[in-house]
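The values are calculated or read from the model by the stated rules, or taken from the named source; none is laboratory data. These figures come from a predicted structure and were not determined experimentally. Positions of Cβ are backbone-derived with ideal geometry, glycine not excepted, and every protein chain shown enters the neighbour counts. Each accessible area value is taken on the protein alone, full model and side chains, heavy atoms only, with ligands, DNA and RNA left out. Shrake-Rupley method; radii C 1.70, N 1.55, O 1.52, S 1.80 Å.
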Amino acid sequence: MFRKIPLALVGLIIGSILTAVGFVAYAKGNSTLNLAGFFYGIPLLLGGLALKAAELKPVPFSKETPKEVLSLREAQATDTQNQLRKDVTRYRYGQEAHLDEALERIGLSPTDEERPILTTLKEIEIDGKYTLVLQFQTPLISREIWEEKLDKITKFFGPGITAKILSFDDNVIDLALIALSESSTVEVA
């Protein structure tokens, strides 16, 4: 529940209330409340405004996850898939875009203008395997470049997953991160 409440909003509300209390106390001559209101309220209010300016909103799910897929998630999802899902579905501060560093390391973000933008995600099942699908707006990076980077994406988000392009239409790509089941992983003796 608390992951869905933006920290900037908390700072703005508490800072506004304390600042208002400080002004009212100043008008009534109550110096103790006046000082508390100004010394705590104004910095909290300014901090909330700064956080609001640096806020990156959570990425929404494009469709609700079915119960069968939730069961697959519990049984098969890798730590990376779980962490990725949790990171992009919460408020972030000080980042320009979701997964900006990952895309840069993979080689899919040569410049800020060319960087694909994560717009939605969904959880599905492909061949009995848990799959996290990331949908990107990618007007300046072609399908061919994404296909060239699939091995690098798999290595970056692995182990235990494989990356696959599900669709590429109108500069929108659906990138699937498919969990490998225990039976399909290769054991080293």
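Near the amide H of Y130, within less than 5 Å, lie the amide hydrogens of A179, all on another chain or at least 5 residues away, with H placed in the peptide plane. Report ³J(HN,Hα) in whole Hz for each residue of the stretch 132-139, in order, from the Karplus equation J = 6.51 cos²θ - 1.76 cosθ + 1.60 where θ = phi - 60°; Gly and Pro get x. Each residue of the stretch 132-139 in turn: 9, 9, 9, 9, 10, 7, 9, x Hz. Relative to the Cα centre, the charge distribution of the chain, modelled as +1 at Lys and Arg Cβ and -1 at Asp and Glu Cβ, gives a dipole magnitude of about 1020 debye.
What number comes out for accessible area per residue over the stretch 30-189 if the probe is 1.4 Å? Units Å², please. All intermediate terms of the calculation are to be shown ahead of the outcome.
Working: 9250 Å² over 160 residues.
For the stretch 30-189, the solvent-accessible area averages 58 Å² per residue.
Expressed as a whole percent, the accessible area of the stretch 1-78 that falls on carbon and sulfur atoms is 71 (1.4 Å probe). Among the listed values (1) 1.16; (2) 0.93; (3) 0.98, the one matching Rg/Rh (Cα atoms, Kirkwood Rh) as calculated from this structure is (1).
Mind giving me the FRET efficiency for S181 and Q95? R0 is 30 Å, r the Cβ-Cβ distance, nearest 0.05 is fine.
Approximately 0.35, to the nearest 0.05.
With each pseudo-label sitting 7 Å past Cα toward Cβ, what's the I17-S31 distance in nm, one decimal? Label at I17, label at S31, 2.7 nm between them. Each residue of the stretch 84-101 is assigned a 3J(HN,Hα), and the resulting list reads 4, 4, 5, 5, 7, 9, 10, 5, 10, 10, x, 10, 7, 7, 5, 6, 4, 5 Hz, derived from the Karplus form 6.51 cos²θ - 1.76 cosθ + 1.60 (θ = phi - 60°), x at Gly and Pro. A simple rule links phi to the HN-Hα coupling: the Karplus curve 6.51 cos²θ - 1.76 cosθ + 1.60 with θ = phi - 60°, which for the stretch 33-49 gives 5, 4, 5, 4, x, 6, 6, 9, x, 5, x, 5, 5, 5, x, x, 5 Hz, with x for Gly and Pro. Once neighbouring chains are kept in place and the probe is 1.4 Å, which whole percent of the accessible area of the stretch 82-189 is contributed by carbon and sulfur? Reported share for carbon and sulfur atoms: 46 percent. Distance from the C-alpha centroid of the stretch 28-99 to that of the stretch 143-164: 28 Å, rounded to the whole angstrom. Compared with the alpha-carbon gap, the fully stretched path from V172 to Q137 is longer by 12.1 nm at 0.36 nm per residue.
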